[in-house]
Every structure is written in C-alpha cells, then in structure tokens.
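None of the figures in this text is laboratory data; all of them are computed from the coordinates on show. No experiment lies behind these values; they were computed from the predicted model shown. Heads up, the Cβs are rebuilt from the backbone with ideal geometry, glycines too, and the neighbour counts pull from every protein chain shown.
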Amino acid sequence: MEIALIHNNSLELGPMGFNVKYINADLEDLEVEERISPQSYTDLPIHFSDGLTHLLPIEKVIPEHDPKYHNIGNLTWEIIEEDNIPVKVRFAYPIVDKTLEEVKALRKQEVSPYRREKENTTITLDINGTSVQVSTSREERVLLASKLSAAPASCNYKFLSGWLEVTAENLQYIVSEIDKVVQAAFDWELAKLQEIDACTTIDEVYDVIVRELPEAIQPPVA
C-alpha cells in the first residue's frame with residue numbers, strides 16, 4: 001500500500017510505501033504528537049489531532065500508453081475530500097510523446113552489449129593439421145599477445161580444446177584470425193549505429209534489427 005502524508009495542504013511524503021520509520025520521523029519534524037505503528041495502515045485515512053496533518057491512501061492515474069512511443073511525465077497531485085475531510089491523494093501522471101532522437105538514443109544503447117557478445121565468441125582454427133577451439137575473449141587476446149611478444153620459437157599453449165605445441169607463426173595466425181572476428185563485431189556496431197541515425201521516423205528506428213533471432217525461433221512469415 002502506498003500513502004501520502006499531508007500537512008497544512010502541502011505534500012510532505014509520498015507517494016511511497018507504508019514506511020513507519022519515515023512517517024514517524026516526519027511527524028516528529030512537524031511537531032505532531034501522535035505516532036503510527038505497522039498496523040496503522042488498516043486505519044487509513046488517519047487524521048491527526050492538530051487538524052492539519054493527514055496520512056492518506058493514494059490513487060494513481062496513469063493513462064494507457066505505449067512505452068515504445070510515450071513516457072510518463074512529471075506527476076501532479078490533489079487532495080480529494082469528502083464532506084470537507086481529506087480522504088485520499090490523487091496523483092496524475094501525464095503521457096508525453098517520445099522524440100525521434102530519444103528513441104534513437106535508447107536503441108543505440110542496445111547495440112554495444114550485442115557487439116560484445118559477437119566479439120567474445122569461440123572460433124575453430126586449423127593449427128598444423130589439428131583443429132583447435134580458440135576463445136576470442138579480451139582475456140585470451142591479452143594472453144596471446146603477451147605470449148607472442150615473448151617471441152618463443154615454440155611453446156605449449158592450452159586452448160579450449162586442449163594443449164598444443166605452437167610456433168610464433170602459429171600464434172601470429174591465431175591473433176590475426178581473432179582480430180578479424182573482433183573487427184567484424186566493431187564494423188557491425190558502427191553499421192547499426194549509422195542505420196539508426198539514418199532513420200527518419202520512430203517506427204523505422206524500431207524496425208532496425210539489433211539482435212538476430214536464431215533461425216530455429218524466427219517468427220513465421222505472415
């Protein structure tokens with residue numbers, strides 16, 4: 001249950017949950033003698049003895065809207081009375097249209113996380129006739145670069161698929177193949193950002209496909 005604390009027709013607290021500690025602290029600040037208990041929520045509305053302070057249930061008015069196209073704006077509030085006695089506080093939330101630039105910014109936020117997924121994957125390479133699985137994670141790239149900088153004639157390296165002796169040329173090849181994957185991920189990100197920027201309507205922005213669905217769960221063609 002959410003409440004509002006009203007004092008002298010001013011909103012002191014709310015909308016908020018029934019927090020006894022906060023409400024009693026505010027009552028003390030307002031020099032109201034009474035205090036509430038955790039069970040007091042069953043007694044709402046509560047009218048305190050000073051005649052100016054009221055703990056009231058709230059009513060939220062949020063018009064139906066599509067979050068893709070609209071935001072909830074800043075609330076307004078009013079005290080609802082019956083027979084000149086406050087009985088509740090009505091909080092009304094206006095609906096505000098999203099701008100094209102706002103929607104573009106929101107969609108762009110979806111791009112980088114998916115690029116990181118594309119960047120951090122597993123590739124299979126042929127090393128001296130042996131098929132090995134290599135992680136393209138940043139940690140693996142740092143480790144390979146460090147190993148390559150040491151310029152070993154050969155060394156034993158532990159891949160996802162197991163140990164294998166590799167040469168400096170092998171390491172260079174692996175780093176090069178990983179770099180292709182990483183660069184492709186960044187190229188994809190840039191292309192998606194440019195695609196979003198080129199949109200001229202909000203619907204076009206939402207039509208941009210950021211995360212591809214696996215073929216097995218692609219929606220049927222209408």
With the calculation restricted to Cα positions, what are the radius of gyration and Dmax of the chain in angstrom? 30.7, 93
Mind scanning 158/180; 147/192; 98/180; 68/192 and naming the pairs with a C-alpha gap bigger than 30 Å? 147/192; 98/180
What does the charge dipole of the chain about its Cα centre add up to, to the nearest 20 debye, if the Cβ of each Lys and Arg holds +1 and the Cβ of each Asp and Glu holds -1? 1260 debye
Excluding residues on the same chain fewer than 8 positions from residue 88, give the aspartates and glutamates whose Cα lies under 15 Å from its Cα. 2, 12, 43, 59, 78
Straight-line reach from residue 21: which aspartates and glutamates have a Cα under 14 Å away, not including same-chain ones fewer than 8 places off? 29, 34
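Eigenvalues of the Cα gyration tensor times 5, then square-rooted: what semi-axes does that give for the stretch 151-191, in whole angstrom, largest first? Intermediate values should be presented prior to the final figure.
Details: eigenvalues 146, 28, 5 Å².
Result for the stretch 151-191: semi-axes of 27, 12, 5 Å.
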Please compute the alpha carbon radius of gyration of the stretch 110-197, then divide it by the globular-protein estimate 2.2 N^0.38 Å. Two decimals is fine. 1.22
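Quote the FRET efficiency, to the nearest 0.05, computed for residue 101 versus residue 16 with a Förster distance R0 of 35 Å and r equal to the Cβ-Cβ distance. Each step should come with its number before you reach the end.
Numbers: r = 33 Å, r/R0 = 0.94.
That pair, residue 101 with residue 16, gives E of 0.60.
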Between the residues 45, 8, 69, the Cα farthest towards the positive end of the dipole of the stretch 2-97, that dipole coming from +1 and -1 charges on the beta-carbon of Lys, Arg, Asp and Glu, is from 69
Rounded to the nearest 500, what is the 222 nm mean residue ellipticity of the chain from helices alone, with -39500 (n - 2.57) per DSSP H run of 4+ residues and division by all residues? -11000 deg cm²/dmol
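So what's the net charge close to residue 108: Lys and Arg +1, Asp and Glu -1, counting the other residues with Cβ under 10 Å from its Cβ?
Around residue 108, the surrounding residues sum to 0.
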How tilted is helix 20-29 with respect to the longest principal axis of the chain? Cα atoms for both, answer in degrees (0 to 90, nearest 10). 50 degrees
What area, in nm² and to one decimal, does the C-alpha convex hull of the stretch 2-97 cast on average over all directions? 6.9 nm²
